[in-house]
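The values are calculated or read from the model by the stated rules, or taken from the named source; none is laboratory data. What you see is a predicted model; the values in this text were computed from it and never measured. Because the Cβ atoms are built from the backbone with ideal geometry, glycine has one as well, and the counts that use them run over all protein chains shown.
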Amino acid sequence: MPPALAPVVPKSGRALLAALEQQAQRELAGMMATAPAATPLDPALAGLAWDLGLSGDRVG
């Protein structure tokens, strides 16, 4: 008879947040790998984003 497996305890708190962030990063990387090439950014939108304090990572 095989030994009994330890029960799986669901993650909570910071451990859950870390696991969710890792999952989101993996999904985002997968989406970026299949995304079409970026189109040039409208200068007016770039200026507005700059005024709002957004970085280039959040605009593109």
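Structural remarks
- Tallying residues that are surrounded by 10 or more Cβ atoms within 10 Å (Cβ to Cβ) and not in a loop (DSSP other than H, G, I, E, B) within the stretch 37-46 yields 2.
- Close contacts from the stretch 20-47, counting a first residue that is over 30 Å from P10 (Cβ atoms) and a second that is surrounded by 10 or more Cβ atoms within 10 Å (Cβ to Cβ), with Cβ to Cβ under 7 Å and a gap of 6+ residues or different chains, come to A38/G60; L41/V59; L41/G60; A46/V59.
- The number of residues in the stretch 8-36 that are of a type in the set (S, T, N, Q) and not in a helix (DSSP H, G or I) comes to 1.
- Residue check for A49: surrounded by 10 or more Cβ atoms within 10 Å (Cβ to Cβ) and either in contact with a helix residue (DSSP H, G or I) (Cβ under 9 Å, 6 or more places away or on another chain) or assigned to a loop (DSSP other than H, G, I, E, B) (or both): yes
- Residue satisfying all of: in the stretch 10-36; surrounded by 10 or more Cβ atoms within 10 Å (Cβ to Cβ) and modelled with pLDDT under 85; nearest to the chain's Cα centre (by Cα) among these: L28
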